[in-house]
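I have placed the structure first, in the form of C-alpha cells, so that the comments after it can refer back to it.
The values are calculated or read from the model by the stated rules, or taken from the named source; none is laboratory data. Because the structure is predicted, anything quoted here is derived from the model rather than measured. We place every Cβ from the backbone using ideal geometry, glycine too, and count neighbours over all the protein chains shown.
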Amino acid sequence: MKKERHVLENVKRAIEYRLIVPLKRSVQDPVFLARGVLVGMMWAMTPLIGIQMTTVLITWIIAQKLKWSFSLPIAIAFTWVTNVFTMVPVYYVFYVTGKLMMGDWTHITGWNSIKDIVETTFFTDYSIWESFVLFSKMLLKDWGLAMALGCIPWSILSGWGSYRWSLKFLRLWQEKRSKAAEKRHYWRKTLSKVIHPKQTFKQFKKNHKKRKKKKYVKKLFVRYSRH
C-alpha cells in the first residue's frame with residue numbers, strides 16, 4: 001500500500017513539474033499556450049511514441065507558414081504524457097478501439113500479444129531509424145492498422161478536452177496572479193508613504209511600537225495631571 005502511494009506521489013509530482021509548472025510560469029497569452037497543449041496532446045495520443053517531438057516540430061513549422069501559432073515548448077512537454085512506461089496499455093487501448101470501429105468484436109488479440117510485439121519492436125538494441133522501419137512494418141499488419149485507426153478518436157477528444165481545460169485554467173491563474181500583483185503594488189505604494197526608503201519593515205514596526213508607547217505614556221500623564 002505504501003509502495004503504491006509512493007508511486008502515485010511520484011507520478012503526481014512528475015505531472016506537476018513537467019506540465020503544470022511550465023504553464024504557471026509562462027506569461028504568454030492563454031490561447032497561445034492552450035494551442036500548444038492541444039497540439040501536444042493530439043500527438044501524444046498516437047502510436048508514434050519516440051518521434052512525437054519531431055512531429056510536433058514539423059506541425060509547428062507548418063503552422064508558422066499558415067500563420068497559426070502555438071507554444072512549441074508546451075506542445076513538446078505534453079507529448080510526454082505517453083512514454084515508454086505507458087506505451088503498452090496505451091497501444092492496447094488504441095488496438096481495441098480500432099477493432100471495435102472496424103466492427104470486429106470477436107478477433108481481438110489479447111494483452112500479452114500486444115506486449116510481446118511492442119517489446120520486440122521497441123525494447124531491443126535498435127537504432128532510431130531501425131525502430132522506425134520496424135514500426136512502419138508493424139502498422140501494415142492487421143493489429144497495427146487497428147491501432148492507427150483507434151487512436152483517432154482518442155487524439156481528437158484528448159486534444160480538444162485538454163485545450164478547453166488549459167484555457168480555463170490559464171485564464172483563472174493569470175487573473176489570480178494579476179490580482180496578487182495589484183495587491184502587492186498597492187501595499188508597496190502605501191508603505192512607501194509611511195516607511196522611509198532606508199528603513200526596513202522591521203525597523204518600521206519597532207518605531208511604530210515606540211510611537212504607540214509614547215502616546216500611551218502621554219495619555220496617562222495627561223490623565224493623572226488633571227487630578
Name, by its number, the condition in (1) in a helix (DSSP H, G or I); (2) modelled with pLDDT of 90 or more that does not hold for ALA148.
(2)
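Kindly provide the set of residues from the stretch 52-81 that are part of a helix (DSSP H, G or I) and among the polar types (S, T, N, Q), ordered by number.
In the first step, residues of the stretch 52-81 are kept if they are part of a helix (DSSP H, G or I); the result is 52-65, 72-81.
Once the filter is applied, which keeps residues that are part of a helix (DSSP H, G or I) and among the polar types (S, T, N, Q), the stretch 52-81 yields GLN52, THR54, THR55, THR59, GLN64, THR79.
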Cβ pairs under 7 Å, 6+ apart, first in the stretch 44-57 and closer than 16 Å to PHE70 by Cα and modelled with pLDDT of 90 or more, second small (Gly, Ala, Ser) and crowded, with 21+ Cβ neighbours inside 10 Å:
VAL56/GLY40; VAL56/ALA75
Could you look through the stretch 82-101, keep only residues that are part of a helix (DSSP H, G or I) and without any contact (Cβ under 8 Å) to a residue 24 or more places away in the chain, and pick out the one that is nearest to the chain's Cα centre (by Cα)?
PRO89
So, in the stretch 9-43, of the ones that are among the charged types (D, E, K, R) and at pLDDT 85 or above, which residue ends up surrounded by the most Cβ atoms within 10 Å (Cβ to Cβ)?
ARG35
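Here's the yes/no breakdown for (1) of a type outside the set (Asp, Glu); (2) more than 13 Å from the chain's Cα centre (by Cα); (3) in the same structural domain as ALA148 (by TED's automatic domain parsing); (4) closer than 26 Å to LEU149 by Cβ:
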| residue | (1), (2), (3), (4) |
| --- | --- |
| ILE15 | yes, no, yes, no |
| LEU19 | yes, no, yes, no |
| ASP29 | no, yes, yes, no |
| PHE32 | yes, yes, yes, no |
| LEU38 | yes, no, yes, yes |
| LEU48 | yes, yes, yes, yes |
| MET53 | yes, yes, yes, yes |
| LYS65 | yes, yes, yes, no |
| SER69 | yes, yes, yes, no |
